[in-house]
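Remarks on the structure that follows.
The values are calculated or read from the model by the stated rules, or taken from the named source; none is laboratory data. Please read these numbers as outputs of a predicted model, since none were measured by experiment. Note that each Cβ is placed from the backbone with ideal geometry, even for glycine, and that neighbours are counted across all protein chains shown. For accessibility, only protein heavy atoms count, side chains too; no ligands or nucleic acids. Shrake-Rupley method; radii C 1.70, N 1.55, O 1.52, S 1.80 Å.
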Amino acid sequence: MTLNVPVSDRWTHDVWLNGQFVPPSDALVPVMVHGLHYGTGVFEGIRFYAGKAFLLEQHMDRLLASARAIGLDVPFDSQTLCDVANELIARSGLADGYLRPIAWFGDGGLGLHAKGLAADVALVVWEWPKVFQPESGVALNLSKARRATPDTLPPQAKTTGGYLLGFMAHRQARSLGFDDCLINDCNGTLAETSSANFFAVIDAVLVTPKADLFLNGLTRQTVISIAKDLGIGVQERRLTADMVPLFTEAFITGTAVEITPVTKIETHQMPIGALTARLQAAYKKQVG
Ligand code: PMP
C-alpha cells in the first residue's frame, strides 16, 4: 500500500522529528494527533544569517516557556534543541534561512484533557528570503479583532491555536487589498499586527504599545535596545485608532518580517522615514 500523503516539493531539507533526522517525505504525523484537532501546540520562528541562528537560546527558551504555559511537557531541554537546530542548519547547507521548532500534544486519544499524551517535537528549516519587500513598505488596515484577555490565553506564549485569530484578521486584510492589519488588545487599543509588533513615530518620538497583553517579540526587544544604544528614546504607550493621522513613520518588527516599514494605515500614507531606515541598518548589522 502506498501512503497517499504527498509532501509538497517545497520542503527539501531534512526535518528533525522526535529525536531523528528524516527526509521531509518521512516527516509525517498521524491524523489523530491532539494538536491537529484542537490547536494544542506551541512553536517558534527563528532566522539564521550566514549559518548562525539569531537569538537561538532565547527562542528555544520561549518555546519551552510557551509549552509550560499550556501544560505540554517537551522532553528536550533548551541546549539540546539549540544543538539540533545548529545541526539542522548545517545539514541544510543554507546560509540564510528560517527555522521552525514546533511541539504539540501527540497521538493517544482525543479527549480534551490530553491526559497521558506525550509531546511530538519537530524542527524544520527552509529558505525564506523576505516576507515583504522592505523597500516598498506595507499597507495595514485597522482590524476590529481583539486579542484574548490574559486570563483567556497566555499572551507571551506562541500557541498554534492562538494563531487562528491572526490568521482570520490577516486574511480579511488581504481580501481588502492590504498587506496585513493592526489588531487591538483586549481593551480595544492598538496592539500589533497578525504576527509582528508595531512601532510608530509621533512628534519625532518613537512609540510602541506596551507589550503586556500580547507577545513582547524578541525583535521588538532588540529594536528597543538598538534604539537606546543609538540615543533614540522609545515611549511605550497606549495607541488608539484616532492617533493614526499623527503617525509620521511606522514599522513592524518580527523575526520573519525583521523591520518592515509601514507606508499606509487605512487611508493615511507615510514615507519610509529616516528613523526607520536608521533602525533597519542597525538591525541588519546586529543580525549579520
Ligand atoms: N506578535 C506575534 C503575534 C507573533 O506571532 C510574532 C512572531 N513571533 C511577533 C509578535 C514578533 O515576535 P518575534 O520578534 O519574537 O519574532
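Here are the numbers:
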quantity	calculated
Hits in the range 205-219 (condition: assigned to a loop (DSSP other than H, G, I, E, B), of a type in the set (S, T, N, Q) and under 15 Å from A250 (Cα atoms))	none
Residue selected from the range 62-77 under the condition open to solvent by less than 20 Å² (accessible area, probe 1.4 Å) and not in a loop (DSSP other than H, G, I, E, B), by the criterion farthest from the ligand (Cβ to nearest atom)	A67
Per-region count, the range 227-254, residues within 13 Å of the ligand (Cβ to nearest atom) and in contact with a Lys or Arg (Cβ under 9 Å, 6 or more places away or on another chain)	2
Single match in K130, K144 (criterion: surrounded by fewer than 20 Cβ atoms within 10 Å (Cβ to Cβ), assigned to a strand (DSSP E or B) and not aromatic (F, W, Y))	K144
Which listed residue, of H59, H34, is under 24 Å from Y163 (Cα atoms), surrounded by 14 or more Cβ atoms within 10 Å (Cβ to Cβ) and over 22 Å from the mean Cα position of the chain (by Cα)	H34
Any chance R220 is modelled with pLDDT of 95 or more and within 13 Å of the ligand (Cβ to nearest atom)	yes
For F178: the one exception among (1) within 14 Å of R238 (Cβ to Cβ); (2) over 17 Å from the mean Cα position of the chain (by Cα); (3) of a type in the set (F, W, Y)	(1)
Of all residues in the range 190-218 being open to solvent by less than 10 Å² (accessible area, probe 1.4 Å) and of a type in the set (V, I, T), the one that is nearest to G166 (Cα to Cα)	T193
For G111: the one exception among (1) of a type outside the set (S, T, Y); (2) in contact (Cβ under 8 Å) with a residue 40 or more places away in the chain; (3) open to solvent by 20 Å² or more (accessible area, probe 1.4 Å); (4) within 21 Å of G161 (Cα to Cα)	(2)
Some residue of the range 89-97 being open to solvent by less than 60 Å² (accessible area, probe 1.4 Å), away from the ligand (no atom under 16 Å from the Cβ), touching a residue at least 40 places away in the same chain (Cβ under 8 Å) and assigned to a strand (DSSP E or B)	no
Residues satisfying the stated conditions in the range 27-46, i.e. more than 16 Å from the ligand (Cβ to nearest atom) and in a loop (DSSP other than H, G, I, E, B)	A27, L28, V29, P30, V31, M32, V33, T40
Restricting the range 192-204 to residues that are away from the ligand (no atom under 16 Å from the Cβ) and part of a strand (DSSP E or B), the residue that is farthest from F132 (Cα to Cα)	I202
Residue count for the range 149-168, restricted to those that are in a loop (DSSP other than H, G, I, E, B), in contact with a helix residue (DSSP H, G or I) (Cβ under 8 Å, 6 or more places away or on another chain) and open to solvent by less than 30 Å² (accessible area, probe 1.4 Å)	2
Checking P271 against (1) open to solvent by 10 Å² or more (accessible area, probe 1.4 Å); (2) more than 19 Å from P129 (Cα to Cα); (3) within 15 Å of the ligand (Cβ to nearest atom), the condition it does not meet	(3)
